[in-house]
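Structure provided below as structure tokens; questions to follow.
None of the figures in this text is laboratory data; all of them are computed from the coordinates on show. Quantities reported herein were computed from a predicted structural model and do not represent experimental measurements. Counting neighbours? That spans all protein chains shown, and the Cβs are built from the backbone with ideal geometry, glycine included.
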Amino acid sequence: MKLYYAPGACSLAPHIVACEAGLNLDLEKVDLGAHKTESGRDYMTINPKGYVPALEFGAGEVLTEASAVMQYLADQAPGAGLVPAQGTPERYRVLEWIGFISTELHKGFGPLWNPSTPDAVRQATIDRLRQRFAFVEESLAKGPYLAGERFTVADAYAFTILNWTKIHKVSLADYPRIRAFMDRVAARPKVQDALRQEGLLGNAA
């Protein structure tokens, strides 16, 4: 399997999942501005959506969207426990978190990536994100990870997206449980491996 990624982008989440699951992945970095892979391929021929991640597997199959790629990778190593078994209530709780992170956190950062976003829109975006952070903060009172005692794909995703607060200078000072969560996840050996492989150890939480 080959994962196309950009350092620190949402593709970090499936990269972490693969490391935690003990899966061997080939990695190929993508220049998202130029739509070129590290080997010189036109990335648009791999993923016409133009963004990461993309996972090549099987006989030329390509899977995109971080939420789908994470679940696929986790299902390849069920013994790692990164996603609960099919049909269990616990699995749907993890999927509920994936949906929340995707729509309320991941997409919530969207306007902050655009340098031409007006200051008022930027502030409104941050205010909305803080409302979502407050929900995560409250949820983390129930356990060290989003779904309880065990690290799951949801935690890999949340860690990746919440790391963007440093890029955009959004303070987490009011969210001590989130800060502890970020430290806890960053300290995991397999997360360290993924960060190291992407050249991100100096930018980890």
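At a threshold of 8 angstrom on Cα-Cα distance, excluding pairs fewer than six apart, so keeping six or more, what relative contact order does the chain reach in percent?
23
Under the classification rounded if a/c is under 1.5, otherwise prolate if a/b is larger than b/c and oblate if not, where does the chain fall, given a ≥ b ≥ c as square roots of the Cα gyration tensor eigenvalues?
Oblate is the answer for the chain, as a/c is 1.5 or above yet b/c matches or exceeds a/b.
From the helices alone, meaning DSSP H stretches of at least four residues, give me the mean residue ellipticity at 222 nm for the chain, per-run term -39500 (n - 2.57), in deg cm²/dmol to the nearest 500.
That calculation yields -13000 deg cm²/dmol at 222 nm.
Now a separate question. Of L146, G87, M182, which is farthest along the charge dipole of the range 81-187 in the positive direction, counting Lys and Arg as +1 and Asp and Glu as -1 at C-beta?
M182
By how many nm would the segment from K2 to R179 grow when fully extended, if each residue of separation counts as 0.36 nm and the alpha-carbon distance is taken off?
60.5 nm
Net charge around G108, counting only other residues with Cβ within less than 11 Å of its Cβ (Lys, Arg = +1; Asp, Glu = -1)?
Combined, the nearby Lys, Arg, Asp and Glu give +2.
Between the DSSP loop rule and a limit of at most 13 other Cβ atoms within 10 Å, which GluC sites (Glu not before Pro) in the range 135-203 are left?
Those satisfying the criteria are E149.
Tell me, C19, C10 in order of fewest to most beta-carbon neighbours within 10 Å?
C19, C10
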